[in-house]
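J.: Got a structure here, written out as C-alpha cells. Questions coming.
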Amino acid sequence: MSVTMPPLTIALPAGRLYVEAVELLKRCGLDLEAWRGDERRLLWTSPDGRRRFLVARPADVATYVERGTADLGITGKDNLLESQDDVHEVLDLRFGGCRLVLAAPGGRLPERLASGNGHGLSSGLRVATKYPRFARRHLAELGLAAQVITLHGATELAAVAGLADAVIDAVDTGATLRNNGLAPVKDLAASSARLICNRAAFQLRREEVAELVGQVRGLVEEHAQKGVGQDAR
C-alpha cells in the first residue's frame, strides 16, 4: 500500500520580503491562488493539495523549518546569523539585500570609553540591537566589551534618546541612520533572502525538494544574468 505524503510545507516571511518571495514561487509554477493577495492569511493549502504555505515573522521562519513544521522556508541571512537554527541553507535568492552594521552618532564611538590598551573599548559601551547573539559575537571579535541591550523596535531611537552609545542594525540605503544623525562605524555582515530546508526533509523528500530548488535556482540565475546584461548596456 502506497503512503501518501503530506503537502510540502513552505514558510514565507511576513514583511518586506513577503511579496518577492510569493512572486518567486508563483513563477516556479506553485499554485498560490488561495492566497489572493491577503497577507493576513497565515496558513493555507494550495487547491491541488500538494503544497501548504504558512506566513511567519522572518525571525521565526528558521524555527518552523528546523522543527519540521515547515519543510522549506524563505528568510533573511540576518535572521539566520542571529538564530543559529540548525537548517540547511540551500540558496541565496539575491533579493532583500541589506548590511548589518555597527553605527553610532556621527559614525564615531564615544571617546570617553577609550581604554587605551589597544584592544578596543571598556565595558562602558552600550549597544542596542534586535540581534543580541550576533552582536555579542561580533563585538567580542572586535575586542569591544559592551553591554548589549535587546530592543524590538527602531534601534536608532536608543542612540538618539541616550539609551545606548551605538546600535547594531540591518540597513539598506542607510537613510534611516542618516535621518537620525547616525552613521556606520563598521560593516559586520551582508544579508539577503535565503532559501532554507529542514535537514530531514532534504533527505526524505529529496526529489520534491530538488525539483523546486532547481526551478528557483534557474530563476535566480536568469534574473542575475539579465541584471549583468543591463549593466553592460
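J.: Return yes when residue 168 is touching a Phe, Trp or Tyr at 6+ places or on another chain (Cβ under 9 Å) and crowded, with 21+ Cβ neighbours inside 10 Å and no when it is not.
T.: Details: touching a Phe, Trp or Tyr at 6+ places or on another chain (Cβ under 9 Å): yes; crowded, with 21+ Cβ neighbours inside 10 Å: yes.
Considered against the rule, which asks whether it is touching a Phe, Trp or Tyr at 6+ places or on another chain (Cβ under 9 Å) and crowded, with 21+ Cβ neighbours inside 10 Å, residue 168 comes out as yes.
J.: Kindly check whether there is at least one residue in the stretch 71-90 that is part of a helix (DSSP H, G or I) and modelled with pLDDT under 95.
T.: At the first step, the residues of the stretch 71-90 found to be part of a helix (DSSP H, G or I) are 77-83.
Then keep just the ones that are modelled with pLDDT under 95; that gives 83.
Yes, the conditions are met somewhere in the stretch 71-90.
J.: Is it the case, given these coordinates, that residue 158 is surrounded by 17 or more Cβ atoms within 10 Å (Cβ to Cβ), modelled with pLDDT of 95 or more and part of a helix (DSSP H, G or I)? Steps first, please.
T.: On the way: surrounded by 17 or more Cβ atoms within 10 Å (Cβ to Cβ): yes; modelled with pLDDT of 95 or more: yes; part of a helix (DSSP H, G or I): yes.
Answer is yes for this residue.
J.: Let me ask something else about it. Might you check whether a residue that is of a type outside the set (S, T, N, Q), touching a Pro at 6+ places or on another chain (Cβ under 8 Å) and either assigned to a loop (DSSP other than H, G, I, E, B) or free of Cβ contacts under 8 Å to residues at least 40 places away in the same chain (or both) occurs anywhere in the stretch 176-186?
T.: Looking for residues that are of a type outside the set (S, T, N, Q), touching a Pro at 6+ places or on another chain (Cβ under 8 Å) and either assigned to a loop (DSSP other than H, G, I, E, B) or free of Cβ contacts under 8 Å to residues at least 40 places away in the same chain (or both), one finds at least one in the stretch 176-186, hence yes.
J.: Restricting to the stretch 1-42, give me the number of residues that are modelled with pLDDT of 90 or more, surrounded by fewer than 18 Cβ atoms within 10 Å (Cβ to Cβ) and within 22 Å of the chain's Cα centre (by Cα).
T.: Final tally of qualifying residues: 10.
The values are calculated or read from the model by the stated rules, or taken from the named source; none is laboratory data. All values reported here derive from a predicted model rather than from experimental measurement. Ideal geometry is used to build each Cβ from the backbone, glycine not excepted, and the neighbour counts take in all protein chains shown.
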